[in-house]
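The values are calculated or read from the model by the stated rules, or taken from the named source; none is laboratory data. Only a predicted model underlies this, so the values are computations on that prediction, with no experimental measurement involved. Positions of Cβ are backbone-derived with ideal geometry, glycine not excepted, and every protein chain shown enters the neighbour counts.
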Amino acid sequence: MDYGGEGGPGLISSPHGATSSVDRMGIEPGQLILEVGADSDVAQDLRQSLIAKTGSDLLGANSNEVVDSVLIWWRDDDGDLVDELVDALTFLADSGSIWLMTPKAGRTGHVEPSDIQDAAPTAGLSQTVSFAASVDWTATRLVARKSSRK
């Protein structure tokens, strides 16, 4: 499938399109984003909008950079979500967030929201927001829980 640039066939033509999703994610120019789990089923228009907004390519799993966000494409059969979230924290800046992208209900690989709600606190994360990021994917923002200081 051809995933064209702005206005191309891969762009979502709705008020909640890829550019709008990137804005909702709070992504800013110059930020570094580590991408995990990308495959042929991901929302290419969202990926391209992220690259356009940040001005740089998404970093791959073999990167050692500290990043502003980690973008995880996660499907029901991808393994242990807690392990993946803990691994993502290794690369995340203190003020950064993890964007967990999961297939919407009815799509192949759909992840139950309760699975995310169970995995996040175990990994030391709090869920802050979820929204429809593309036609097939839901975005869930996870942030590190603040440690209480005495």
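Summed over region 51-65, residues that are surrounded by 13 or more Cβ atoms within 10 Å (Cβ to Cβ) and under 14 Å from the mean Cα position of the chain (by Cα) total 3. Out of (1) surrounded by 19 or more Cβ atoms within 10 Å (Cβ to Cβ); (2) in contact (Cβ under 8 Å) with a residue 60 or more places away in the chain; (3) under 19 Å from V143 (Cα atoms); (4) not small (G, A, S), what's the single condition that is false for D68? If we test D68 against (1) surrounded by 19 or more Cβ atoms within 10 Å (Cβ to Cβ); (2) in contact (Cβ under 8 Å) with a residue 60 or more places away in the chain; (3) under 19 Å from V143 (Cα atoms); (4) not small (G, A, S), just (2) comes out false. Among the residues of region 1-48, those identified as acidic (D, E) and either modelled with pLDDT of 50 or more or surrounded by 15 or more Cβ atoms within 10 Å (Cβ to Cβ) (or both) are D23, E28, E35, D39, D41, D45. Of the listed requirements (1) touching a Pro at 6+ places or on another chain (Cβ under 8 Å); (2) hydroxyl-bearing (S, T, Y); (3) surrounded by fewer than 16 Cβ atoms within 10 Å (Cβ to Cβ), T138 misses just one: (3). The set of residues in region 109-129 that are outside any strand (DSSP E or B) and of a type outside the set (A, V, I, L, M) comprises G109, H110, E112, P113, S114, D115, Q117, D118, P121, T122, G124. Could you tell me how many of the residues in region 109-133 are under 12 Å from the mean Cα position of the chain (by Cα) and more than 22 Å from L34 (Cβ to Cβ)? Matching residues across region 109-133 total 1.
Checked against the criterion of being assigned to a helix (DSSP H, G or I) and either exposed (fewer than 13 other Cβ atoms within 10 Å of the Cβ) or under 15 Å from the mean Cα position of the chain (by Cα) (or both), region 90-108 contains not a single residue that satisfies it.
Entry remark, region 109-120: residues being within 24 Å of I27 (Cα to Cα), surrounded by fewer than 19 Cβ atoms within 10 Å (Cβ to Cβ) and touching a residue at least 12 places away in the same chain (Cβ under 8 Å) number 1 in total.
Given the criterion small (G, A, S), farther than 23 Å from E65 by Cα and modelled with pLDDT of 95 or more, identify the matching residue among A119, A123.
Being small (G, A, S), farther than 23 Å from E65 by Cα and modelled with pLDDT of 95 or more holds for just one of A119, A123, which is A119.
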